[in-house]
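Report on the structure given below.
The values are calculated or read from the model by the stated rules, or taken from the named source; none is laboratory data. This one's a predicted model, so the numbers in the text were calculated from it and none came from an experiment. Here the Cβ is made from the backbone with ideal geometry for all residues, glycine too, and neighbour counts use every protein chain on show.
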Amino acid sequence: MPFLKADNLSFDYGPRQVLRHISLALEPGRFYGLLGPNGSGKTTLLDLLIANLTPAQGAISLQGRPLASYSRRQLARQMALVPQEFDLGFDFPVRDIVMMGRHPHIRRFAAPGPEDWACTGRAMADLQVDRLADRSITALSGGEKQRVVAARALAQDTPLLIMDEATANLDIRHTIQIFQVVRRRVEEGGIVLAAIHDLNLAAAFCDEIFLLKEGGLQAAGPPEEVLAAPRIAEVFGVRCQTSFNAFNRSHQVAFQWRRQ
Amino acid sequence: MTDCSRHNRPPYLMITALGLALVLAIVVSAGMGYLAITPLEVAQVIWAKVSGSPLPVDFDPTFGYVVWEVRLPRILTAALVGGSLAVAGVLFQAILLNPLADPYTLGVSSGAAFGASLALLINISFLSLYSVPLFAFAGAVATLFVVLALASVDGRLGTGTLILSGVIVAAILSAGIGFIKHLADEQVAVIIFWLMGSFAARTWSHVMLVCGAALAGLVIAFFFGRDLNIMALGQRSSDSLGVDTARTRKILLVAGSLVTATCVSVSGIIGFIGLITPHLMRFIVGPDNRKLIPVSFLAGAILLLAADTLTRAVLPSEVPIGVLTALIGGPFFCYIFRKKQLHALS
């Protein structure tokens, strides 16, 4: 039984249909990439999977039970979200923000226990934000904030981690850092589903890729199969060459930047 | 890791200090006024009433009457209203994700003012003393539900739409109040005076009423303290962290508004306490609502009690309390707001 299963999902905002007949399944120990052009429905699909939106048609089940039968708190123990953007009007210290990831595990009125401190400590160390622990979140740069939010999701310590273009505002070093950290979670049996814009990043880290186009699932499978040059041309409208990159030992894409 | 656990402890020291300051303020202010009474005598009266033992035989009985029947009800009402408005301020700022929100942001004050003006205009007397407070309360609650209905789209409440709905409804009600004033002729002075707020001639039944509202507000706010912190992250994130954001937001909006409506019905409209107190306390204890709620309650109580004592016993003639808090609070708020802006730039 897959951990999460979506069956024939459709969704529309009024007359505009955003998703059509999407089916997918997530298995433990796998890194999934969700790719597609802007407006192809990636964020809407993620919103359906985290129960932020309700599908117009279709069903989602988590560990064999309908997603709607879970309370918010129960869901938060199964899946964590790293959002794309993050802005906060109140100057909480970084440590408090990361500790918020432990909210679904701590009883009301109870203080964080040793395991909660251990989880937040590990998450902050993994993403190297531990030296920012006492700084105010409002005083951090965009990249630092994004790593703090990722640390919060890691501290939540859930089987499934969902990333919504989580590294869009990060430099290359920190992008690689976050992906290496979550890849390690996958090796330990976790599941990651990440909406990613960078095709090469996705090809290097993902076991399986879901490619969306105009709300439909265009292809699903290993990177080297899904990210073939003709399909990239069809979905994204750009010319490219693909090859096996020996340095990364992965499938990679080289784009044609300028018309010859 | 030991510093981590200390870091999140409740601010016991701050709560104790503020609690003592509040008790001191109550005792001292009860001695202030036309008839000067020493704090020791005030304490004697309070002790005698609370413990049920008789006062010493040489004790002036007028002192007992003035302290217990005249001044203390007013003082306690002022303190409880101040504390309640401050807690409501914490709630509204946390729910609306806006440090500049206050208990009146959703038009609750305009609704109360409209209700009270209406009662004064048609000179309702069948409910005797309580007709104006009841109308004010009804106006505030009705306004709240109109604003909530206007702002909710299939069960969701966006913070932006909430504030906008509040502004729209308040604007309509202001026009309504203007029209009532226009119709009122000689009653207009009574309406204006009520709108400016007052604690004069409050009784123990007022104290009990506000006390109930304050307790309910504190308990509910404290119950959802941690959820409030997480809701600061925005709905998508707080939902993913296990908070039922839409439901919690609705519960707390209603609770905060009912507390505010009770305060308004007892004292009229008193601005700036609910805005400034949480703001000030955030400088001291930080943004954690679990700390902010008790500390703001005590600080709000002290602030409004001090302001009311100023207008009652220090100033040569009584200035309406709502005017006084706005006159002191407004410029003060401009100062901290400006300072924060400059600080953010540097």
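When segment A:106-131 is limited to residues that are among the small types (Gly, Ala, Ser) and over 19 Å from the mean Cα position of the chain (by Cα), the one that is farthest from the other protein chains (Cβ to nearest Cβ) turns out to be A:Ala125. B:Ala151: modelled with pLDDT under 90, in contact with a Ser or Thr (Cβ under 6 Å, 6 or more places away or on another chain) and either within 14 Å of another protein chain (Cβ to nearest Cβ) or closer than 30 Å to A:Ala51 by Cα (or both), yes or no? It is true that B:Ala151 is modelled with pLDDT under 90, in contact with a Ser or Thr (Cβ under 6 Å, 6 or more places away or on another chain) and either within 14 Å of another protein chain (Cβ to nearest Cβ) or closer than 30 Å to A:Ala51 by Cα (or both).
For segment A:192-201, does any single residue satisfy the condition of being over 18 Å from the mean Cα position of the chain (by Cα) and of a type in the set (S, T, N, Q)? Scanning segment A:192-201, I find no residue that is over 18 Å from the mean Cα position of the chain (by Cα) and of a type in the set (S, T, N, Q), so the answer is no. Restricting segment A:72-105 to residues that are at pLDDT 95 or above and in a loop (DSSP other than H, G, I, E, B), the residue that is nearest to the other protein chains (Cβ to nearest Cβ) is A:Arg77.
Among the candidates A:Leu161, A:Leu140, the residue that is modelled with pLDDT of 95 or more and out of contact with any His (no Cβ under 7 Å at 6 or more places or on another chain) is uniquely A:Leu161.
Filtered by the rule that a residue be under 26 Å from A:Arg107 (Cβ atoms) and more than 10 Å from chain B (Cβ to nearest Cβ), segment A:52-65 gives A:Leu62, A:Gln63, A:Arg65. Residues in segment A:151-189 that are hydroxyl-bearing (Ser, Thr, Tyr) and without any contact (Cβ under 8 Å) to a residue 60 or more places away in the chain: A:Thr167, A:Thr175. Of all residues in segment B:88-117, those satisfying the criterion of being part of a helix (DSSP H, G or I) and either under 14 Å from B:Ser265 (Cβ atoms) or of a type in the set (Ser, Thr, Tyr) (or both) are B:Ala88, B:Val108, B:Ser109, B:Ser110, B:Gly111, B:Ala112, B:Ala113, B:Phe114, B:Gly115, B:Ala116, B:Ser117.
Could you go through segment B:27-43 and let me know if any residue there is free of Cβ contacts under 8 Å to residues at least 24 places away in the same chain, within 27 Å of A:Met100 (Cα to Cα), in a helix (DSSP H, G or I) and under 24 Å from the mean Cα position of the chain (by Cα). No; the residues of segment B:27-43 include none that is free of Cβ contacts under 8 Å to residues at least 24 places away in the same chain, within 27 Å of A:Met100 (Cα to Cα), in a helix (DSSP H, G or I) and under 24 Å from the mean Cα position of the chain (by Cα).
This table checks each residue for (1) modelled with pLDDT of 90 or more; (2) under 30 Å from A:Leu53 (Cβ atoms); (3) among the polar types (S, T, N, Q); (4) buried (at least 23 other Cβ atoms within 10 Å of the Cβ).
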| residue | (1), (2), (3), (4) |
| --- | --- |
| B:Asp102 | no, no, no, yes |
| B:Ser117 | no, no, yes, yes |
| B:Asn123 | no, no, yes, no |
| B:Leu127 | no, no, no, no |
| B:Gly155 | no, yes, no, no |
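Reported count of residues in segment B:230-244, each being in contact (Cβ under 8 Å) with a residue 40 or more places away in the chain and either farther than 16 Å from B:Arg156 by Cβ or within 7 Å of chain A (Cβ to nearest Cβ) (or both), is 1. B:Asp227 meets the conditions (1) facing chain A (nearest Cβ under 9 Å); (2) among the charged types (D, E, K, R); (3) in contact (Cβ under 8 Å) with a residue 60 or more places away in the chain in every case but one. The failed one is (3).
Screening B:Gly197, B:Gly217 for residues that are buried (at least 17 other Cβ atoms within 10 Å of the Cβ), in contact with a helix residue (DSSP H, G or I) (Cβ under 9 Å, 6 or more places away or on another chain) and part of a helix (DSSP H, G or I) leaves exactly one candidate, B:Gly217. Just to verify a result, which residue in segment A:183-209, among those that are closer than 28 Å to A:Ala229 by Cβ and β-branched (Val, Ile, Thr), is surrounded by the most Cβ atoms within 10 Å (Cβ to Cβ)? So, considering only residues that are closer than 28 Å to A:Ala229 by Cβ and β-branched (Val, Ile, Thr), the one surrounded by the most Cβ atoms within 10 Å (Cβ to Cβ) is A:Ile196. For segment B:173-198, the candidate set comprises residues that are touching a Gly at 6+ places or on another chain (Cβ under 9 Å) and among the hydrophobic types (A, V, I, L, M, F, W, C); within that set, the residue that is farthest from B:Ala142 (Cα to Cα) is B:Phe193.
On inspection, B:Leu148 does not qualify as more than 18 Å from B:Ser29 (Cβ to Cβ) and in contact with a Lys or Arg (Cβ under 6 Å, 6 or more places away or on another chain). For B:Ala78, the conditions (1) buried (at least 24 other Cβ atoms within 10 Å of the Cβ); (2) out of contact with any Asp or Glu (no Cβ under 7 Å at 6 or more places or on another chain) are fulfilled apart from (2). If you go through segment B:288-316 and keep only what is of a type in the set (Asp, Glu) and closer than 15 Å to B:Ile273 by Cα, you end up with just B:Asp308.
This table checks each residue for (1) surrounded by 15 or more Cβ atoms within 10 Å (Cβ to Cβ); (2) in contact (Cβ under 8 Å) with a residue 40 or more places away in the chain; (3) outside the structural domain of A:Ala194 (by TED's automatic domain parsing); (4) aliphatic (A, V, I, L, M).
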| position | (1), (2), (3), (4) |
| --- | --- |
| A:Val98 | yes, yes, yes, yes |
| A:Pro104 | yes, yes, yes, no |
| A:Asp116 | yes, no, yes, no |
| A:Leu127 | yes, yes, yes, yes |
| A:Asp130 | yes, no, yes, no |
| A:Ala133 | yes, yes, yes, yes |
| A:Thr138 | no, yes, yes, no |
| A:Lys145 | yes, yes, yes, no |
| A:Val149 | yes, yes, yes, yes |
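Scoring B:Ile336 on the criteria (1) touching a His at 6+ places or on another chain (Cβ under 9 Å); (2) buried (at least 24 other Cβ atoms within 10 Å of the Cβ); (3) of a type outside the set (Lys, Arg) leaves a single failure, condition (2). Would you mind stating whether B:Ser165 is outside any helix (DSSP H, G or I), modelled with pLDDT of 85 or more and either farther than 14 Å from B:Ala261 by Cβ or aliphatic (A, V, I, L, M) (or both)? Criteria not met by B:Ser165. The strands (runs of 3 or more DSSP E) falling completely within segment A:119-238 that include 2 or more residues that are in contact with an Asp or Glu (Cβ under 8 Å, 6 or more places away or on another chain) map to A:191-195, A:216-221.
Scanning segment A:220-244 for residues that are surrounded by 17 or more Cβ atoms within 10 Å (Cβ to Cβ) and touching a Lys or Arg at 6+ places or on another chain (Cβ under 7 Å) returns a single hit, A:Val235.
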